[in-house]
Amino acid sequence: MSFKKIAGAVAVAGALVAAGAVPGQAATLDDVKAAGTLKCGINTGLPGFAYTDDAGNWTGFDVAYCRAMAAAVLGDANAISFVNLTGKTRFPALASGEIDVLSRNTTWTYSRDVDLGFTFVGVNYYDGQGFIGRTALGISSATELDGASVCIQTGTTTELNLADFFRVNGITYEPVPIETNAEARAAYEAERCDVYTTDASGLAATKTTFDDPSAHMVFPEIVSKEPLGPLVRQGDDQWADIARWTLNALITAEELGVTQANVEEMAAAAGDHPEINRMLGTEGSLGEMLGLDAQWAVRAIAAEGNYAEIFDRYIGPDSPLGLGRGLNALYTDGGILYSPPFR
Amino acid sequence: MSERPAPPRGGGFDISRAWTDERARGVIFQILIVLGVAGLAAFIVINTITNLREAGLSSGYGFLFDTANFDINQRLLDYASTSTYGQAFVVGALNTILVAVMGIIAATVIGFVTGVLRLSNNFLVSRIVGVWVEFTRNVPVLLQIIFWWLIMLALPRVKDSISIGDAAFLNNRGIFLPSPVFEDGSAIVLAMILIGVIGAVLVGRWARKRQEATGRTFPVGWVGLGLIVGIPVIVYVALGQPLDFDIPEKKRFNLKGGFNITPELIALWLALSTYTGAFISEIVRGGILSVSKGQTEAAGALGLRRGLTMRKIILPQALRVIIPPMTSQYLNLTKNSSLAVAIGYQDIVSIGDTILNQSGQALEVISLYMAFYLVLSLLTSAFMNWYNKRIALVER
């Protein structure tokens, strides 16, 4: 046996031990039901998307999706064990079965979908990469950044987009790649870098944490498409369907006017709207097809409300982040949010 | 291992007696162990391959030829975002080697100086060094790395850079030094330096031989300095200073031009060399204490000065005790450099993690880390063993 082979074998052994159980192809749904909790992978902390409230509970836009899913599958929006993951640890955690679903502002890309063996179940936030810098720099566009130092989080698509952006514009920069959002932000605040780059939503979130937010500005350039959404392991189609249609239920609920306040009432008896009836289980047997009961979507919506309610509560115009709906409005309101029908 | 009494021979090999025969039993155990290890390895490999295939994941090292698409801020080789993952790995490996070599040199100097100072008769000096050693080696190295990094970040900003003669600058984005630009004739100066180094070595040899033969000493240090620095400087001036410097210049965002040492490298280097230096300090102290006091007294009786006693009598003997444990400190320092990822120094692990994340080839990337650190450690050990043999007591 050559050295290389031995090293390889040891590495393999180490990785397997680290991963614990080998991921099964079998029904994730059964595993989740048996465990009684949904293992949901979330950010290590990003205002608006995943953060702890005053009582120490995880909450936010990405967390709300976990709660809807736990409610749909287990009947309890709190039956979740949260696993905090960095940009680097998220994929091995999902691949190894450490988590059941990843809801951590993750960009849906070709290679992640095809090569890494994951299934993206939809888009819950259409984002794009931007730059934030001090207004004192006196520049108005990211194309004027020739020679600047740029802080980035490692292991993200932003690192790649950044290289592309500067290459295409023929300007130079010094990348300062840092592991977590918090440390990258600290480096930016200490002026180790001139600008910080991440998804525009993340920039808005980060800006709220600065001592003097008005001293910083987000540049107008959006340099990439970043469709963020939840994902699951490839190979368990039933589980992927549950994840996909939980998200679709929240979007459809907004479209049809089903809210956290009125969902119970609407589900009590069949109403006039056939699609609402089908979704809430008062007509047909959509829940059974998914391997769940008829009330699954009712619980998902009751957990934190429909898409609009979740959006407004955590990241909308009246929240500290103050993000507009923009592309994330329903297709009927000029956005591109569009759920296939419940039929 | 000493020779064992040979088992009774003759009468041929009796299979039923195999268990009572010491040598046969040894062979049987060896075979069983080899089979066990091979079986375990085969199980691990087959299990992994099966699982990778079931999960629909590709494997192999072909991804190393794919385009990396990300940038690296400190590169000792030409590298751009259009280079391959394999090239990125090499750049990362060189960054690790750079900080490891710098760290080993600094840690050794720090260790030797503080180790000797700790044995000083001056109460204040030995106490201060003692407190420093205990503090430094008992605080986790990761915290020390972040501590030094935060100190670097607390330096003045770019626009308030500390300037040294308007040529070198210090700010929270690192140290900016003028970089040499070689013009016609500079090759002659470089050649003179090389000739000076060779000359100094030859003079040193000659001086040692002469001292062994006649007992007369020769000022090798001064002559060597003259050969290596003095003559090239004269030649440099005579040729009309054929060396120019690219001086860092303030641009809109950063200093441009010259040579930049990043704050991450400085922080990592300081943290690793002081942390490991504290351990080496204790090793040096132990080594010196292991040399019997009689040696010092004998040297004193012969009229040798204290410094000379330390250099010529004590340290050469202490080195034999110092070198072996020092090797493991060097290995520790090299491996601790992988903590660089916390502050964004792009060493092999930091870059490898990015590659891992972009390509998804976790097992392959981790196996490359292991192979790299293994080779680096074995090379360090081999060098130190060679050195240890060289300085070992020559028994006559």
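Points worth noting:
- Of residues in region B:241-266 being part of a loop (DSSP other than H, G, I, E, B) and facing chain A (nearest Cβ under 8 Å), the one farthest from residue B:76 (Cα to Cα): B:252
- Selection status of residue B:149, over 20 Å from residue B:246 (Cβ atoms), touching a residue at least 12 places away in the same chain (Cβ under 8 Å), crowded, with 17+ Cβ neighbours inside 10 Å and away from every other protein chain (no Cβ under 14 Å): no
- Residue within region B:338-355 that is among the aromatic types (Phe, Trp, Tyr), within 14 Å of chain A (Cβ to nearest Cβ) and buried (at least 22 other Cβ atoms within 10 Å of the Cβ) present: yes
- From the options B:213, B:167, B:154, residue that is exposed (fewer than 14 other Cβ atoms within 10 Å of the Cβ) and under 20 Å from residue B:243 (Cα atoms): B:167
- Here residue A:343 passes the criteria (1) of a type outside the set (A, V, I, L, M, F, W, C); (2) at pLDDT below 95; (3) in the same structural domain as residue A:32 (by TED's automatic domain parsing) except the one numbered (3).
- Within region A:183-202, considering residues that are in a helix (DSSP H, G or I) and over 26 Å from residue B:156 (Cα atoms), the one nearest to the other protein chains (Cβ to nearest Cβ): A:202
- Looking across region A:148-182 at every residue that is over 25 Å from residue A:49 (Cβ atoms) and touching a Leu at 6+ places or on another chain (Cβ under 7 Å), the one that is nearest to the other protein chains (Cβ to nearest Cβ) is identified as A:173.
- Test for residue B:378: is it crowded, with 21+ Cβ neighbours inside 10 Å and either out of contact with any helix residue (DSSP H, G or I) (no Cβ under 8 Å at 6 or more places or on another chain) or touching a residue at least 40 places away in the same chain (Cβ under 8 Å) (or both): no
- When the residues of region A:207-226 are filtered to those that are in a strand (DSSP E or B) and over 22 Å from the mean Cα position of the chain (by Cα), the one that is nearest to residue A:186 (Cα to Cα) is A:216.
- Among the residues here, residue A:163 does not qualify as assigned to a helix (DSSP H, G or I) and over 15 Å from residue B:354 (Cβ atoms).
- Counted as qualifying within region A:22-117 are the helices (runs of 4 or more DSSP H) with 1 or more residues that are modelled with pLDDT under 90, namely A:90-96, A:110-114.
- Considered as a group, the residues in region B:356-390 that are among the β-branched types (Val, Ile, Thr) and more than 16 Å from the chain's Cα centre (by Cα) include one that is nearest to the other protein chains (Cβ to nearest Cβ), and that residue is B:366.
- Some residue of region B:117-140 being without any contact (Cβ under 8 Å) to a residue 40 or more places away in the chain and either assigned to a strand (DSSP E or B) or under 28 Å from residue B:234 (Cα atoms) (or both): no
- The condition (being more than 16 Å from residue B:288 (Cα to Cα) and surrounded by fewer than 17 Cβ atoms within 10 Å (Cβ to Cβ)) is satisfied by just one residue among B:109, B:113, B:125: B:125.
- Selection from region A:140-158 of residues that are without any contact (Cβ under 8 Å) to a residue 40 or more places away in the chain and farther than 20 Å from residue B:262 by Cβ: A:144
- Flag: residue B:197 does not match the condition of being more than 26 Å from the chain's Cα centre (by Cα) and farther than 18 Å from residue B:246 by Cβ.
The values are calculated or read from the model by the stated rules, or taken from the named source; none is laboratory data. Keep in mind that what you see is a predicted model, and the values were worked out from it rather than measured. Note that each Cβ is placed from the backbone with ideal geometry, even for glycine, and that neighbours are counted across all protein chains shown.
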